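The values are calculated or read from the model by the stated rules, or taken from the named source; none is laboratory data. In this text, all values refer to a predicted model and were calculated from it rather than measured experimentally. Reconstructed Cβ throughout: ideal geometry from the backbone, glycine too, with neighbour counts over all protein chains shown. To get the accessible areas, we keep the full protein, side chains included, count just its heavy atoms, and leave off ligands, DNA and RNA. Shrake-Rupley method; radii C 1.70, N 1.55, O 1.52, S 1.80 Å.
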Amino acid sequence: MTGLTIALDAMGGDFGPQVTVPASVQALSRFADLNVILVGDQAQIVAQLTRCDAQNHSRLSIVHAPDVIPNDMRPSTALRRSTGTSMRIALDKVAHGEADACVSAGNTGALMALSKHLLKLLPGVDRPALVTALPGANQQRKWLLDLGANVSCDADTLFQFAVMGAVLAQAELGRMPRIGLLNIGEEEIKGNDLVKRCADMLQSCQAVNYTGYIEGDQIYTGQTDVIVCDGFVGNVALKTSEGVASLVIDQVKTHLNQHPIKRWIAKWLFSDLFNQLKQLKPDQYNGASLLGLRGIVVKSHGRADIAAYENAICEAVHEVERQIPTKISDRLEAVLLERH
């Protein structure tokens, strides 16, 4: 195969091949140099490809996997019982150099554990971080990490997250991103010892553009590009944001559906506003990356629809094109030299 290759865990997520297969077909139409390996139950995959009229696509192949890792399986159990599962085989493709990245909507804990085991961590990384893009003011994307891969962290780990997040953001922004630590206040005296120690480390590091503490209400409106926190805080912040965004959109739809005349007038007068509301939908930013690995792994939301899952594939493609793991490794090496 020429171009780049993505291995998809076709069975992961709430909908499996009903979503992953059509999404992969759409992604192939978007990227002319993309090849896709669909890993999962061959019969189900072929059935969905037939529905998409793509059963003979030249840039698509199938690898049969008889088993699936359940969503409620513990990561430690997944490590022992993953042989023959779609997630394990998709990650193996990356580990053996047969694919450039893996995308899965399956069990997050299992995906992280298997990724660490099969792909290994980059030098200078203690733990991988889960990061996603978020909408921001003036259509400027922001990045939040960690999102739950690491519920508790020490200062060194948060520092590594900041460096890795900066590399990912810089690859898209084309400039040195501004790094902020999520805290309960902007003042230097605020926060726990963990956050304060990390702030001291970032302030003395020339390899990142640290701008200080930010509060929760500044995640989307502040001047920071990358927001760093532990996985417990990050996951709560993300899920709360998704809930608020969905509530706003649903409330607007419900009100307008109850008044057809208002709906017609609103669409005519406020089309730009509705376009902006669409940008708040979490699906627009589906595709969280596991940073810090010797390979590229993108986690899709388990409830993702076809469009959202395609966004996760696109994120994987962009990270391959931008050589994110190599850039993270280079930046961490520079930081290590600077600190010593």
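Tabulated data for the structure shown
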| quantity | calculated |
| --- | --- |
| Residue, most open to solvent (accessible area, probe 1.4 Å), within the range 1-41, restricted to residues that are hydrophobic (A, V, I, L, M, F, W, C) and part of a loop (DSSP other than H, G, I, E, B) | 1 |
| Sole exception among (1) modelled with pLDDT of 95 or more; (2) of a type in the set (D, E, K, R); (3) surrounded by fewer than 15 Cβ atoms within 10 Å (Cβ to Cβ); (4) farther than 19 Å from residue 323 by Cβ for residue 98, by number | (4) |
| The range 241-251, residues that are within 17 Å of the chain's Cα centre (by Cα) and polar (S, T, N, Q) | 241 |
| Subset of the range 189-235 (residues that are among the β-branched types (Val, Ile, Thr), at pLDDT 90 or above and over 25 Å from residue 330 (Cβ atoms)) | 195, 214, 233 |
| Within the range 221-236, tally of residues that are farther than 18 Å from residue 164 by Cβ and under 17 Å from the mean Cα position of the chain (by Cα) | 2 |
| Those residues of the range 171-199 which are without any contact (Cβ under 8 Å) to a residue 12 or more places away in the chain and either of a type in the set (Lys, Arg) or surrounded by 14 or more Cβ atoms within 10 Å (Cβ to Cβ) (or both), in sequence order | 175, 196 |
| Selection within the range 221-250 - in contact with a Pro (Cβ under 7 Å, 6 or more places away or on another chain) and more than 17 Å from residue 169 (Cα to Cα) | 242, 245 |
| Sole exception among (1) under 27 Å from residue 318 (Cα atoms); (2) loosely packed, with under 14 Cβ neighbours inside 10 Å for residue 66, by number | (1) |
| Evaluation of residue 157 against (1) out of contact with any helix residue (DSSP H, G or I) (no Cβ under 8 Å at 6 or more places or on another chain); (2) open to solvent by 20 Å² or more (accessible area, probe 1.4 Å) (one fails), failing number | (2) |
| The range 285-310, subset within 11 Å of the chain's Cα centre (by Cα) and part of a loop (DSSP other than H, G, I, E, B), residue surrounded by the most Cβ atoms within 10 Å (Cβ to Cβ) | 300 |
| Only one of 200, 156 that is among the charged types (D, E, K, R), within 25 Å of residue 296 (Cα to Cα) and either out of contact with any strand residue (DSSP E or B) (no Cβ under 6 Å at 6 or more places or on another chain) or assigned to a helix (DSSP H, G or I) (or both) | 156 |
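Condition check ((1) of a type outside the set (Asp, Glu); (2) within 19 Å of residue 100 (Cβ to Cβ)) across all residues:
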| position | (1), (2) |
| --- | --- |
| 20 | yes, yes |
| 24 | yes, yes |
| 28 | yes, yes |
| 36 | yes, yes |
| 41 | no, no |
| 54 | yes, no |
| 59 | yes, yes |
| 68 | yes, no |
| 71 | yes, no |
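Quick grid of which residues meet (1) closer than 19 Å to residue 231 by Cβ; (2) of a type outside the set (Asp, Glu); (3) open to solvent by less than 50 Å² (accessible area, probe 1.4 Å):
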{"residue": "43", "(1), (2), (3)": "no, yes, no"}
{"residue": "50", "(1), (2), (3)": "no, yes, no"}
{"residue": "61", "(1), (2), (3)": "no, yes, yes"}
{"residue": "78", "(1), (2), (3)": "yes, yes, yes"}
{"residue": "82", "(1), (2), (3)": "no, yes, yes"}
{"residue": "85", "(1), (2), (3)": "no, yes, yes"}
{"residue": "92", "(1), (2), (3)": "no, no, yes"}
{"residue": "126", "(1), (2), (3)": "yes, no, no"}
{"residue": "144", "(1), (2), (3)": "yes, yes, yes"}
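To keep it simple, each residue is scored yes or no on (1) of a type in the set (Asp, Glu); (2) in contact with a helix residue (DSSP H, G or I) (Cβ under 7 Å, 6 or more places away or on another chain); (3) closer than 22 Å to residue 296 by Cα.
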site: 28; (1), (2), (3): no, no, yes
site: 32; (1), (2), (3): no, no, yes
site: 56; (1), (2), (3): no, no, no
site: 61; (1), (2), (3): no, no, yes
site: 69; (1), (2), (3): no, yes, yes
